[in-house]
C-alpha cells in the first residue's frame, strides 16, 4: 500500500494543528506549526473561508493523518464502525485506537505513530506469543502485546524502553514496564482518547 513520504510537518500545517507526527520535535520550539503560521502552498493566504464541507473534510483528514491511515483503509474502518452497535463516530475512533501500531505508541514504546509503525513492520513485537508485522492488525480485550526477546539487545530499543518508563498509559491498557508488555483490558472509551477530534463531522461527511 502506498504511504505518504513527504514532509510530516507540512501535514500539521495543512490541518492547522499539531498531529504529533515527529514525536518530541512537536512539543519543542522547532515545531513548524509554531514557527510558520498558515497552511502551506503558494496561494495559501488567498484561500477563501472554510465552509461546512471543508470543515468535515479537514476533520477526516486530521484523523486519517494522525493515525497514519490511507483513504481507502479509513473508509473501511468507517463502514465497520457504522455496522457496530453504539455511536458511529466513537466506534470509528475506538477501531483506530486498537490498531497494533497505535497500541505500541500508547504503551510508550514510540514517540510517534510513524515510529510505532516501523517497530511493528520490523517484527519487534509479538501478539499473544506470536510474532507479528502488520501495523493495521486490530487487537481486542484480552490480547497481550510483548516485545520480542531478541529485540532487547538493540541500542535503539533500549532507549525506547527507557522512554516507556515515564509514559502516560491510557486506562484501557495494562502495561508491565519491566517485561515490556501490554494487555488490552477493554475497548477504548471516548474519554480515553486525548486528541481533540470532532468525530461527528467525519460521520456527517460520510453520510452525504
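The values are calculated or read from the model by the stated rules, or taken from the named source; none is laboratory data. Just so you know, these numbers come straight off a predicted model, no measurement behind them. Every residue, glycine among them, receives a Cβ derived from its backbone with ideal geometry; neighbour counts consider all protein chains shown.
Just a few scattered comments:
- Filter result for residue 41 (part of a helix (DSSP H, G or I), within 18 Å of residue 17 (Cβ to Cβ) and modelled with pLDDT under 90): no
- Checked against (1) modelled with pLDDT under 85; (2) farther than 24 Å from residue 110 by Cβ, residue 59 meets all criteria but (1).
- Test: residue in segment 120-130 that is closer than 18 Å to residue 67 by Cα and surrounded by fewer than 18 Cβ atoms within 10 Å (Cβ to Cβ): yes
- Single unsatisfied condition, residue 18 versus (1) outside any loop (DSSP other than H, G, I, E, B); (2) modelled with pLDDT of 60 or more; (3) in contact with a helix residue (DSSP H, G or I) (Cβ under 6 Å, 6 or more places away or on another chain); (4) surrounded by fewer than 19 Cβ atoms within 10 Å (Cβ to Cβ): (1)
- Extreme residue, nearest to residue 56 (Cα to Cα), among residues of segment 178-187 that are touching a residue at least 40 places away in the same chain (Cβ under 8 Å) and part of a loop (DSSP other than H, G, I, E, B): 187
- Residue check for residue 135: in a loop (DSSP other than H, G, I, E, B) and in contact with a helix residue (DSSP H, G or I) (Cβ under 8 Å, 6 or more places away or on another chain): yes
- Listed by first and then second residue, the pairs with beta-carbon distance under 6 Å, at least 6 apart or on different chains, first residue in segment 64-76 and at negative phi and surrounded by fewer than 19 Cβ atoms within 10 Å (Cβ to Cβ), second modelled with pLDDT of 90 or more and assigned to a helix (DSSP H, G or I), form an empty list.
- Condition check for residue 57: assigned to a helix (DSSP H, G or I), within 20 Å of residue 185 (Cβ to Cβ) and in contact (Cβ under 8 Å) with a residue 12 or more places away in the chain: no
- Of the criteria (1) over 19 Å from residue 186 (Cβ atoms); (2) assigned to a loop (DSSP other than H, G, I, E, B), which one residue 82 fails: (2)
- Conditions (1) without any contact (Cβ under 8 Å) to a residue 40 or more places away in the chain; (2) within 19 Å of the chain's Cα centre (by Cα); (3) closer than 13 Å to residue 119 by Cβ: number failed by residue 156: (2)
- Within segment 188-205, residues that are on the phi < 0 side of the Ramachandran plot and outside any helix (DSSP H, G or I) reach partners that are crowded, with 17+ Cβ neighbours inside 10 Å and modelled with pLDDT of 95 or more with beta carbons closer than 6 Å, at six or more positions or on different chains, in the pairs 188/94; 188/97; 188/172; 193/93.
- Some residue of segment 122-131 being farther than 24 Å from residue 73 by Cα, in contact with a strand residue (DSSP E or B) (Cβ under 9 Å, 6 or more places away or on another chain) and not in a loop (DSSP other than H, G, I, E, B): no
- Qualifying residue in segment 138-154 (condition: in a helix (DSSP H, G or I), crowded, with 17+ Cβ neighbours inside 10 Å and either modelled with pLDDT under 95 or touching a helix residue (DSSP H, G or I) at 6+ places or on another chain (Cβ under 7 Å) (or both)): yes
- Residue within segment 105-118 that is out of contact with any strand residue (DSSP E or B) (no Cβ under 8 Å at 6 or more places or on another chain), over 25 Å from residue 155 (Cα atoms) and in contact (Cβ under 8 Å) with a residue 24 or more places away in the chain present: no
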